[in-house]
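J.: Dropping a structure here in structure tokens format, bear with me for questions.
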Amino acid sequence: MENDCLFCKIVAGDIPATVVRETETTLAFRDINPKAPVHVLVIPKEHYVDVATLAQADPALGGELLETVAAVAESEGVLLDGFRLIFNTGEYGGQEVFHAHAHLLGGAPIGPMVAG
Ligand code: AMP
């Protein structure tokens, strides 16, 4: 647990979240400011600042994160129509919370990949 990390506090139960799936190593919860009918954040419980750091330090955990993404996509009913997975990373990637997380977006066409 990293002090002052919002998502570590959600993992610890110190800040409430709408959890949709939990495994031993990952947590999935609804984004507080959803950008699509389905907008779920999937995170490793252990603190890594971003997805690249996570993948370099513990690739198996990265795989577990993707397993949780797939399970959530299935339980949210977006597997058939499809969904978008986004890892905002660093300043240019627009990352705001520095605890690795995947945005799973679906439930409607998500639109262009990046703003024109
Ligand atoms: P990013 O810009 O990729 O770092 O995304 C951070 C995401 O965290 C944003 O989509 C926020 O809406 C979301 N967020 C911030 N605080 C909370 C919270 N307490 N519970 C759920 N999602 C949150």
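The values are calculated or read from the model by the stated rules, or taken from the named source; none is laboratory data. Note that the structure is a prediction, hence the values are computed from the model and not measured. No Cβ is skipped: glycine too gets one built from the backbone with ideal geometry, and neighbour counts run over all protein chains shown.
J.: Could you tell me whether the range 39-46 includes any residue that is acidic (D, E) and surrounded by 11 or more Cβ atoms within 10 Å (Cβ to Cβ)?
T.: yes
J.: Could you please find all residues in the range 15-35 being of a type outside the set (V, I, T), assigned to a loop (DSSP other than H, G, I, E, B) and within 11 Å of the ligand (Cβ to nearest atom)? Write out each step before concluding.
T.: Of the range 15-35, the ones of a type outside the set (V, I, T) are 16-17, 21-22, 24, 27-31, 33-35.
Narrowing further to those that are assigned to a loop (DSSP other than H, G, I, E, B): 16-17, 24, 31, 33-35.
Selection gives P16, A17, D31, N33, P34, K35.
J.: Moving on to the next point. So which of E2, E67, E91, E74 ends up being at pLDDT below 95 and charged (D, E, K, R)?
T.: That would be E2, the only listed residue that is at pLDDT below 95 and charged (D, E, K, R).
J.: So L65 fits all but one of (1) within 11 Å of the ligand (Cβ to nearest atom); (2) hydrophobic (A, V, I, L, M, F, W, C); (3) crowded, with 17+ Cβ neighbours inside 10 Å; what number is the exception?
T.: The one condition L65 does not meet is (1).
J.: Which number in (1) in contact (Cβ under 8 Å) with a residue 60 or more places away in the chain; (2) surrounded by fewer than 16 Cβ atoms within 10 Å (Cβ to Cβ); (3) more than 24 Å from V114 (Cα to Cα) marks the one condition that E22 misses?
T.: Evaluating E22 over (1) in contact (Cβ under 8 Å) with a residue 60 or more places away in the chain; (2) surrounded by fewer than 16 Cβ atoms within 10 Å (Cβ to Cβ); (3) more than 24 Å from V114 (Cα to Cα) leaves (1) as the failure.
J.: If you don't mind, another one. Tell me which of these F87 doesn't satisfy, since it passes every other one: (1) within 12 Å of the chain's Cα centre (by Cα); (2) closer than 15 Å to P34 by Cβ; (3) of a type outside the set (D, E).
T.: Result: F87 fails condition (2) only.
J.: Can you tell me which of H39, H103 is modelled with pLDDT of 95 or more, outside any loop (DSSP other than H, G, I, E, B) and either under 19 Å from C5 (Cα atoms) or acidic (D, E) (or both)?
T.: Values: H39 fails: either under 19 Å from C5 (Cα atoms) or acidic (D, E) (or both).
Answer to the selection: H103.
J.: Now, a different point. When you look at T25, is it at pLDDT 95 or above, touching a Leu at 6+ places or on another chain (Cβ under 8 Å) and polar (S, T, N, Q), yes or no? Don't jump to the end; show me each part of the working.
T.: Details: at pLDDT 95 or above: yes; touching a Leu at 6+ places or on another chain (Cβ under 8 Å): yes; polar (S, T, N, Q): yes.
So T25 fits the description; yes.
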